[in-house]
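Structure record follows, encoded as structure tokens.
The values are calculated or read from the model by the stated rules, or taken from the named source; none is laboratory data. This one's a predicted model, so the numbers in the text were calculated from it and none came from an experiment. Virtual Cβ from ideal backbone geometry, glycine too; neighbours counted across all protein chains shown. For accessibility, only protein heavy atoms count, side chains too; no ligands or nucleic acids. Shrake-Rupley method; radii C 1.70, N 1.55, O 1.52, S 1.80 Å.
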Amino acid sequence: MTTDAVEAQITYPDEATAHAAAAMLVEARLAACGQVSRITSVYAWDGKIEDEAEWLLTAKTLQAALPALAELVKAHHPYDVPQITALPVVWAAPAYLDWIKENVDS
């Protein structure tokens, strides 16, 4: 089964900003759902290794909506270089895929 559904992943520095972004994407019909969870990121930045708590927003959306989703995220994101990535959904229950399609404008 191939789908056009993807899970966009965006990191934020705090829970409130991640929740606000999830609401913004759902209200804009660029995501059907946003899930927010606490993570720890270890990464290189400005020549140093950083170890920081972050919040991951996983947005259930469609591949066609990604350009608009990315533009909206970049316009409101506090990071200079935000993580905006997408992973394909290789399988999902048909009713769940239908729900995503009904709630995302692409």
Exercise. With runs of 4+ DSSP H residues as the only contributors, calculate the mean residue ellipticity of the chain at 222 nm using -39,500 (n - 2.57) per run, divided by the residue total and rounded to the nearest 500.
Key: -10000 deg cm²/dmol
Quiz item: What's log10 of I(q)/I(0) for the chain at q = 0.18, 0.20 Å⁻¹, Debye sum over Cα points only, no solvent?
Solution: -0.83, -0.98
Quiz item: Please state the equivalent ellipsoid semi-axes for segment 1-54: what are the square roots of 5 times the Cα gyration tensor eigenvalues, largest first, in whole Å?
Solution: 26, 16, 9
Exercise. Specify the residue with the greatest mean-square fluctuation among 91, 55, 45, computed from a Gaussian network of the chain linking alpha-carbon atoms under 10 Å apart.
Key: 45
Quiz item: To the nearest 0.05, what FRET efficiency results for residue 44 and residue 92 with a Förster distance of 30 Å applied to their C-beta separation?
Solution: 0.30
Quiz item: How many percent of the accessible area of segment 51-106 is carbon or sulfur, using a 1.4 Å probe?
Solution: 57
Exercise. Enter the accessible area per residue of the chain (Å², integer; probe 1.4 Å; all protein chains in place).
Key: 58
Quiz item: What percent do you get for the relative contact order of the chain when only Cα pairs under 8 Å and 6+ apart count?
Solution: 42
